[in-house]
Structure formats: C-alpha cells, structure tokens
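Data block below; observations after.
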Amino acid sequence: MYSIKSANEQAFKCVSCKKIHLEFGHFSVDFPGKKDLQIFLTFLQIIDGPKFEEENNQSIYRRKISVPMEGYGIKLQFTKGELIELQSLISNCINQKSPEELVVPGFKKLNGVLNQQCLNQ
C-alpha cells in the first residue's frame, strides 16, 4: 500500500481491495482506480475558488467554496487553501509510480508499508 499525506488529507491505495482511498476532513471517498480519481480532479480544477469565496463572502458557512454533489444532498465545503491542498494531493496521487517516489514538496514521506486494512472490503 502506498500513502501520501498533506496537512488535512491523505490518499492511499490498498493492496487488499485495490481501491484508492481519499480522506479529507470528515469524509472519505473510494475510487476504483486512477482514471476515476482523474475525473474527480478535473472536476475540482474547474472550480474558481477565489470567485466562489468572493460570491459567498456573506454566507454563514465558514468555508465559502461550496461544491454540491447532485443527487446526494451533500455539499463539499472548502476554503481556497483546502481546495488547492486537495487538488495537489490528488494530482500527486495520480502521478505516483511507486512507494519510493513519495517525497513530494509539502507532503510527508511515509516509511515502509502501512499495516492498515481497508474497512470496506
């Protein structure tokens, strides 16, 4: 299993279920593979964070960038920094080739293989 972390998120691929797990804030999303993760990244990259922060400046929400997940009744809420951090984490996960290449500026290198099992097998 490989894993990369940022201050608030982590992404890892489990050797048991072969899924890529993305954890951010209080949510976790499982992706069957890098292709699906790339689709999610592309979706996040089209979000104009500064524009949404300005438009929602008077909103009661602490995080001003709101991303509704249609059909689920869920909105993902981000600050501009959190959105950038998540985009970077996903991009680095997609470009990951091997556990030895986990040294990424702004991210921690995890030594060895984690012995964590997936909860959703």
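Derivation of every value follows stated rules applied to the coordinates shown; laboratory data play no part. Bear in mind the structure is a predicted one, so any value in this text is a computation, not a measurement. Note that each Cβ is placed from the backbone with ideal geometry, even for glycine, and that neighbours are counted across all protein chains shown.
Structure values in brief
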{"read-out": "Quotient of Cα Rg and 2.2 N^0.38 Å for region 5-88, N being how many residues it contains", "value": "1.15"}
{"read-out": "5 angstrom amide H check on Lys19, placed H, neighbours 5+ away", "value": "Cys14"}
{"read-out": "Ranking of His26, His21 by count of other Cβ atoms within 10 Å, fewest first", "value": "His26, His21"}
{"read-out": "Relative contact order (%) - region 1-82, alpha-carbon pairs under 8 angstrom, separation at least six", "value": "15"}
{"read-out": "Cα-projected label distance for Ser66 with Ile46, points at 7 Å along beta-carbon direction, nm", "value": "2.0"}
